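The values are calculated or read from the model by the stated rules, or taken from the named source; none is laboratory data. All values reported here derive from a predicted model rather than from experimental measurement. Every residue, glycine as well, gets a Cβ built from its backbone with ideal geometry; the counts of neighbours run over all protein chains shown.
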Amino acid sequence: MYSFIVNPNSRSGEGRNVWNRLRSIMESQGISYQYFLTEYVGHATVLAQRISAAGTPEDPVTLVTVGGDGTIYEVLTGIIDLSSVVFGFIPVGSGNDFCRSMGLPFDSFEALRSILENRRTIFMDVPVLHLGSHSYRFGISAGMGYDAAICQEVLITPGKKFLNRLHMGKLIYLMVALKQFLFLTPSPVTITLDRNKPQTFSRTWFAAVMNQKYEGGGFKFCPNASPEDGLLDVIVIEGISKLKMLFCLPSALWGKHTRIRGVHILQCRNVHITSAHSLPVHKDGESGGIQREFSVTIEKKPLKIIMPVL
C-alpha cells in the first residue's frame, strides 16, 4: 500500500492535474494506494502524523509526497518515527532543489515509476530547525537574511501564480531578489558550531544551514554538502559590497562563489545562529517568520529515501 500526500495547489494548481494523471497510471496497473489532498498550510504535517502512525521499523509505511520543495518540511515534521517510514517524492514545483541535490527525477511520471519499482534506497540525514518553542524538520535548508527575505516576499507576491501558469515562475524570484538586494541592510551575525567558541561575522548578507548542495532554485551554495554524512554545511556571506555580490550570486549557480573572499563554508553537527537585528527566516523556502536566532540539530535516526536506479 502506497500512501500519498498531495499538495493540489503546488505550482499554482498544477499539482492537482499531475496527480489526476498519476492516479490513472496506478489504477491501470492495479496499484493499491490511498491519497490525501492538503487543504491548508500545515495540513501535510497532520496527515503525515496520521499515516506514519501505522508504520513500525519492522513494517514501515511507504509515504510519498507530491508537491514542491515547500511541502517537504511539513511532511518531514509530521512523521512520528523516521524509521517507520520509507519516503518517496514526486516533484510538482518550480524550485526542485530537493530533486536537484538528491539526484531524483524532475519528471513526475518518471519519479512515480522509480517509486513503484522501489529497487534502490539510501538513508538521508534529517535536520531539525528550532525556533523558540517550536521545532520543524527540513530536507533542504534553513536560512536567515537575504535568501529568507526573498522566499518570504515571493510567497505573498500576487504575480507568482500568474507567472507559474506561464512556466515563468523563476522570473518572480529574480524580480524580488533584485528588490531585496537594493534595500536589504547586512547585519552582524554570531554563529556557534557544536558548542565551540562563537564566531561573529559583520555585515552578513545571509547565513544558511544546508542539508543539500542546492537551494533557491539551483544555487549551489554548499558544493560539498551531503545528506548522508551526518553533518550540516553552513554558508555565510559577509563583508561583501553590493557590487561584489552581483558577481558572487551568479557564480553560485556553478558553485564557484566559494573562491570569493567573504564567503565562508563551515561544517558541524549542530549550530546556533544569532543576529544583532531581527531578520527573515525560512525553512525549505517557506516562511519561518522574523527572528533573531535559531538552532539546527540532526535527528538521531536517518530517513530511508526511494531513489532511481543508477
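Going by what's in this entry, would Thr157 be described as modelled with pLDDT of 90 or more and surrounded by fewer than 18 Cβ atoms within 10 Å (Cβ to Cβ)? So Thr157 does not fit the description; no.
Scanning the stretch 1-37 for residues that are of a type in the set (Gly, Ala, Ser) and under 19 Å from the mean Cα position of the chain (by Cα) returns Ser10, Ser12, Gly15.
Hey, does the stretch 211-234 have a residue that's within 19 Å of Ile150 (Cα to Cα), β-branched (Val, Ile, Thr) and either in a loop (DSSP other than H, G, I, E, B) or in contact with a Ser or Thr (Cβ under 9 Å, 6 or more places away or on another chain) (or both)? The answer is no; no qualifying residue exists. Within this structure, Gly239 passes the test of being modelled with pLDDT under 95 and small (Gly, Ala, Ser). Of all residues in the stretch 295-306, at least one satisfies being closer than 23 Å to Phe98 by Cβ, in contact with a helix residue (DSSP H, G or I) (Cβ under 6 Å, 6 or more places away or on another chain) and part of a strand (DSSP E or B).
Can you confirm whether Ser141 is of a type in the set (Ser, Thr, Tyr), modelled with pLDDT of 95 or more and within 14 Å of the chain's Cα centre (by Cα)? For Ser141, the condition - of a type in the set (Ser, Thr, Tyr), modelled with pLDDT of 95 or more and within 14 Å of the chain's Cα centre (by Cα) - is met.
The test for being touching a residue at least 24 places away in the same chain (Cβ under 8 Å) and in contact with a Gly (Cβ under 9 Å, 6 or more places away or on another chain) does not hold for Ile265. Consider the stretch 33-61 and keep the residues that are among the β-branched types (Val, Ile, Thr) and within 28 Å of Gly216 (Cα to Cα). The one that is surrounded by the most Cβ atoms within 10 Å (Cβ to Cβ) is Thr38. Taking each residue of the stretch 8-26 that is touching a residue at least 40 places away in the same chain (Cβ under 8 Å) and not assigned by TED's automatic domain parsing to the domain that holds Gly217 and looking for partners that are hydroxyl-bearing (Ser, Thr, Tyr) and part of a helix (DSSP H, G or I) with beta-carbon atoms closer than 6 Å, six or more apart or interchain, yields Val18/Ser108.
The condition of being of a type outside the set (A, V, I, L, M, F, W, C) and either outside any loop (DSSP other than H, G, I, E, B) or surrounded by 19 or more Cβ atoms within 10 Å (Cβ to Cβ) (or both) holds for only one of Gly30, Gly15, that being Gly15. Against the numbered list (1) buried (at least 19 other Cβ atoms within 10 Å of the Cβ); (2) of a type in the set (Gly, Ala, Ser); (3) under 15 Å from the mean Cα position of the chain (by Cα), Gly103 comes up short only at (1).
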